[in-house]
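Working notes for the structure below.
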Amino acid sequence: RMFEQLDTNRDGRITWEEGWAVMTQRFQAADADRSGGLSLQEFGNLRQRRADAPQPPADRAERHAERRAAMFRGLDANRDGQVTLDELRPMAEARFRMADANNDGAIVREEVPRRGHHHGRGYGPRGEGAPAQPGQPAQPAPSR
């Protein structure tokens with residue numbers, strides 16, 4: 001579902017421009033007070049939840065809130081209590097580059113980590129191109 005939202009021209013590939021345009025739209029939608037920056041509360045609205053998604057258990061919701069607050073602090077480069085698009089962009093670019101396992105400037109479905117297979121796993125069709133685990137050599141992405 002996320003892939004379809006980001007692949008705005010429906011060519012089966014997500015380019016940086018497509019991904020950033022969607023991120024910009026989400027940012028603007030989350031910026032309720034139109035300040036140009038997201039507060040911690042607004043930052044929590046940046047990621048869209050499906051309306052029919054079940055509510056996580058309280059302990060899990062608390063951990064998510066803690067991680068969201070830590071990410072917010074990490075992104076708020078000037079420590080003003082707001083995350084701007086300029087502050088968000090380096091993280092978004094890094095995530096895009098990480099997902100683009102074959103480094104061709106676009107992400108295809110095979111490069112999208114499967115649900116539950118993140119943090120260095122699940123890249124490429126069978127995990128190829130994943131970042132190296134400590135003490136192990138990196139695996140090259142398959143040539144296409």
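The values are calculated or read from the model by the stated rules, or taken from the named source; none is laboratory data. All values reported here derive from a predicted model rather than from experimental measurement. Heads up, the Cβs are rebuilt from the backbone with ideal geometry, glycines too, and the neighbour counts pull from every protein chain shown. Only protein heavy atoms, including side chains, enter the accessible area calculation; ligands, DNA and RNA are left aside. Shrake-Rupley method; radii C 1.70, N 1.55, O 1.52, S 1.80 Å.
All conditions in (1) open to solvent by less than 60 Å² (accessible area, probe 1.4 Å); (2) under 14 Å from Phe27 (Cα atoms) hold for Arg47, with the sole exception of (1). In region 12-43, the residue that is surrounded by the fewest Cβ atoms within 10 Å (Cβ to Cβ) out of those that are touching a residue at least 60 places away in the same chain (Cβ under 8 Å) and more than 15 Å from Met91 (Cβ to Cβ) is Gly12.
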